[in-house]
């Protein structure tokens, strides 16, 4: 298949592109900064994710699949009104650009996989949330609602749309996990706040596996939770990380201090969560490589905490 990936140079996009190249698919990477093609990448195509179309649309016309992973980092810095606007617009407008190109294509792709997040559900307690749960009402939920709405504009008998509601993706070389390590390495790690908030996590290998699964199976459409079957509360996550690093997990990060430092972002990303579960993936027969957080973290740090 010829597969077009927007966001293929990022933390998740690189891993997905490597796996699809190993499957011998022809890859086209949409990027704002074209570089030297990597092994398995047919070419880089320049694009501007501003909500409109451009010459990049030629790469989409006739492609078998389009994967949309583009969007500005949510956790890069404290949220200001301008920052929140960029977070929303980078996702909404990038998806709108891709959807416009698909709608105008003479031969549209059979499947459009578009990134989303479990933030769609908003903050929750211990309620199990499958893909049928309603949207929340906070900032991240509103971002996800608009993000997914742009993707669904092109759902048709010719193009299947899948929204990838992603949880906390665990890997050693990127994402949120490396930022958590320093306190543990200094023997100062522990839970965040009261530790009762659920963190719906997934090992990056399973994230890639589920995206490939969704590409190949026409029965998968609409939203799908990309999370492991066993989400855990933050306190248990901290204990599991401590076990993987052979460090204690005894010193909590106080909620008031996080709110003081990070403002609204602390509540949305650290002090609240969702008990999101992958009901659709399991129903469609996907088999997780890592179902338990100890298994996932143990595999990631199998060579020791400093490797």
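The values are calculated or read from the model by the stated rules, or taken from the named source; none is laboratory data. What you see is a predicted model, and the numbers here were worked out from it, not measured in a lab. Every residue, glycine among them, receives a Cβ derived from its backbone with ideal geometry; neighbour counts consider all protein chains shown.
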Quick one: is residue 158 touching a helix residue (DSSP H, G or I) at 6+ places or on another chain (Cβ under 6 Å) and either in a strand (DSSP E or B) or surrounded by fewer than 23 Cβ atoms within 10 Å (Cβ to Cβ) (or both)? no
Within region 269-300, of all residues that are closer than 11 Å to residue 201 by Cβ and buried (at least 22 other Cβ atoms within 10 Å of the Cβ), the one nearest to the chain's Cα centre (by Cα) is 276
Take the conditions assigned to a loop (DSSP other than H, G, I, E, B) and within 19 Å of the chain's Cα centre (by Cα) and apply them to residue 135. Does it pass? yes
Condition (residue is modelled with pLDDT under 95 and under 18 Å from residue 268 (Cα atoms)) applied to region 37-49: is it met by at least one residue? no
Within region 50-74, how many residues are modelled with pLDDT under 80 and touching a strand residue (DSSP E or B) at 6+ places or on another chain (Cβ under 7 Å)? 0
So, in region 178-207, how many residues would count as being modelled with pLDDT of 95 or more, surrounded by fewer than 21 Cβ atoms within 10 Å (Cβ to Cβ) and under 21 Å from residue 18 (Cβ atoms)? 1
Just checking, does region 204-225 include any residue being closer than 21 Å to residue 298 by Cβ, in a strand (DSSP E or B) and touching a helix residue (DSSP H, G or I) at 6+ places or on another chain (Cβ under 6 Å)? no
Residue among 249, 281, 228 that is assigned to a loop (DSSP other than H, G, I, E, B) and modelled with pLDDT of 95 or more: 228
For residue 230, all conditions in the list (1) touching a residue at least 60 places away in the same chain (Cβ under 8 Å); (2) over 19 Å from the mean Cα position of the chain (by Cα); (3) buried (at least 16 other Cβ atoms within 10 Å of the Cβ) hold save one; what is the number of the exception? (2)
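Just name the residue that is surrounded by the most Cβ atoms within 10 Å (Cβ to Cβ) out of those in region 103-122 that are out of contact with any strand residue (DSSP E or B) (no Cβ under 6 Å at 6 or more places or on another chain) and part of a helix (DSSP H, G or I). Steps first, please.
Residues of region 103-122 out of contact with any strand residue (DSSP E or B) (no Cβ under 6 Å at 6 or more places or on another chain): 103-108, 110, 119, 122.
Among the residues that remain, those that are also part of a helix (DSSP H, G or I) are: 103-104, 119.
Working: 103: 14, 104: 13, 119: 27.
By that ranking, first place goes to 119.
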Take residue 302 and decide whether it is within 22 Å of residue 172 (Cβ to Cβ) and free of Cβ contacts under 8 Å to residues at least 40 places away in the same chain. yes
Can residue 87 be described as at pLDDT 85 or above, within 20 Å of residue 148 (Cα to Cα) and either touching a helix residue (DSSP H, G or I) at 6+ places or on another chain (Cβ under 9 Å) or not in a loop (DSSP other than H, G, I, E, B) (or both)? yes
Picking from 29, 3, 60, the residue that is in contact (Cβ under 8 Å) with a residue 12 or more places away in the chain, buried (at least 22 other Cβ atoms within 10 Å of the Cβ), more than 18 Å from the chain's Cα centre (by Cα) and closer than 22 Å to residue 210 by Cβ would be 3
Is region 247-262 home to any residue that is touching a helix residue (DSSP H, G or I) at 6+ places or on another chain (Cβ under 7 Å), free of Cβ contacts under 8 Å to residues at least 24 places away in the same chain and closer than 22 Å to residue 191 by Cα? yes
